[in-house]
Amino acid sequence: MTVENELVLEEVERTLRVKFRMPRDLIAADLALFRRHPIVPTARATKSSPIPDQDDARILATALAVGAEVLVTGDRDFLDVRDRIQGIIVTDPRGFWEMHRRGKPG
């Protein structure tokens, strides 16, 4: 498991626990599944990243490396610079829900 994989999984765990108040046993089951089937390659953040926090910059670099179409986050570091991020739609959960409801990304 790469550092980038662990960063993403830590963020998923924290979000499910804190924001969604998901039971710990369900979170553990989800994380175990993600660890058995990792889909995130190693990606390095570049100095040209618009994200100031290096951990967040690596998450963005990883999302771009796997060809993700959408990055869903409530993190202001991402949302404040989303118009400067090329190659991926960055949106908050409500924005993603609206995209999903309309049946199209963006």
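The values are calculated or read from the model by the stated rules, or taken from the named source; none is laboratory data. Computed from a predicted model, the values in this text were never measured in an experiment. Note that each Cβ is placed from the backbone with ideal geometry, even for glycine, and that neighbours are counted across all protein chains shown.
In the stretch 50-78, the residues that are more than 20 Å from ARG94 (Cβ to Cβ) reach residues that are surrounded by 18 or more Cβ atoms within 10 Å (Cβ to Cβ) and among the polar types (S, T, N, Q) with C-beta atoms within less than 6 angstrom, at least six apart or across chains, in these pairs: ALA57/SER49.
Residue check: is GLU13 on the phi < 0 side of the Ramachandran plot, loosely packed, with under 15 Cβ neighbours inside 10 Å, of a type in the set (D, E, K, R) and in a helix (DSSP H, G or I)? No: the conditions fail for GLU13. Selection of the stretch 75-106 for residues being surrounded by 12 or more Cβ atoms within 10 Å (Cβ to Cβ) and either among the small types (Gly, Ala, Ser) or closer than 17 Å to ASP55 by Cβ (or both) yields ASP75, ASP77, PHE78, LEU79, ASP80, VAL81, ILE85, VAL90, GLY95. If you go through the stretch 56-72, how many residues are in contact with a helix residue (DSSP H, G or I) (Cβ under 7 Å, 6 or more places away or on another chain) and part of a loop (DSSP other than H, G, I, E, B)? Residues flagged as in contact with a helix residue (DSSP H, G or I) (Cβ under 7 Å, 6 or more places away or on another chain) and part of a loop (DSSP other than H, G, I, E, B) within the stretch 56-72 amount to 0. Of all residues in the stretch 31-49, those that are surrounded by fewer than 15 Cβ atoms within 10 Å (Cβ to Cβ) and at pLDDT 90 or above total 1.
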